[in-house]
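Comments concern the structure below.
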Amino acid sequence: LAEAPTDPGSNYHMAFFIDNANLKASTRGPGGTQVTDTGIDPARFGSYTLVMIKDSNTSIKFYVNGVLKATHTDSTKFPISSLNATMYIKTLADHNKDIFFYPLRAESYVLT
């Protein structure tokens, strides 16, 4: 997991980012930004599986290694436009890390 910018940006988003050695979950929509500390110190472990699930307009859930770490329910702070997958990576001169990319799976289901 690489260090990300402190602010994922002013664009609408669902994101994980690192701020002061804490992994945080963030959403941004027309009503502003919501940020939640996941309680994860990224320096303690070398590998993470990060998953974000937007359940229609009721919640956005953030999972770390299969464990629910944050749930955002203020729909005014959900992204309302199409989202692009973006990854920011910062490497440090005194650290050698292997970075693995796995296929991105974006799924959308309509229940009738």
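The values are calculated or read from the model by the stated rules, or taken from the named source; none is laboratory data. This is a predicted model, so every value here is computed, not measured. Don't worry about glycine lacking a Cβ; one is built from the backbone with ideal geometry, like all the others, and counts go over all protein chains shown. Each accessible area value is taken on the protein alone, full model and side chains, heavy atoms only, with ligands, DNA and RNA left out. Shrake-Rupley method; radii C 1.70, N 1.55, O 1.52, S 1.80 Å.
Observations
- Members of segment 18-30 that are under 17 Å from Pro79 (Cα atoms) and surrounded by fewer than 20 Cβ atoms within 10 Å (Cβ to Cβ): Pro30
- Contact annotation: residue pairs with Cβ atoms under 7 Å, 6 or more positions apart or on different chains, pairing a residue in segment 62-82 that is over 11 Å from Pro30 (Cα atoms) with a partner that is at pLDDT 90 or above and of a type in the set (A, V, I, L, M), are Phe62/Ala25; Phe62/Ala70; Lys69/Ala25; Ala70/Ala25; His72/Ile60.
- Within segment 69-83, considering residues that are of a type in the set (Ser, Thr, Tyr) and open to solvent by 90 Å² or more (accessible area, probe 1.4 Å), the one modelled with the highest pLDDT: Thr73
- The set of residues from segment 31-68 being in contact with an Asp or Glu (Cβ under 9 Å, 6 or more places away or on another chain) and either of a type in the set (Phe, Trp, Tyr) or surrounded by 12 or more Cβ atoms within 10 Å (Cβ to Cβ) (or both) comprises Gly31, Thr33, Gln34, Val35, Asp37, Pro42, Lys61.
- Any hit, segment 84-101, residues being β-branched (Val, Ile, Thr), assigned to a loop (DSSP other than H, G, I, E, B) and either surrounded by 13 or more Cβ atoms within 10 Å (Cβ to Cβ) or at pLDDT 90 or above (or both): no
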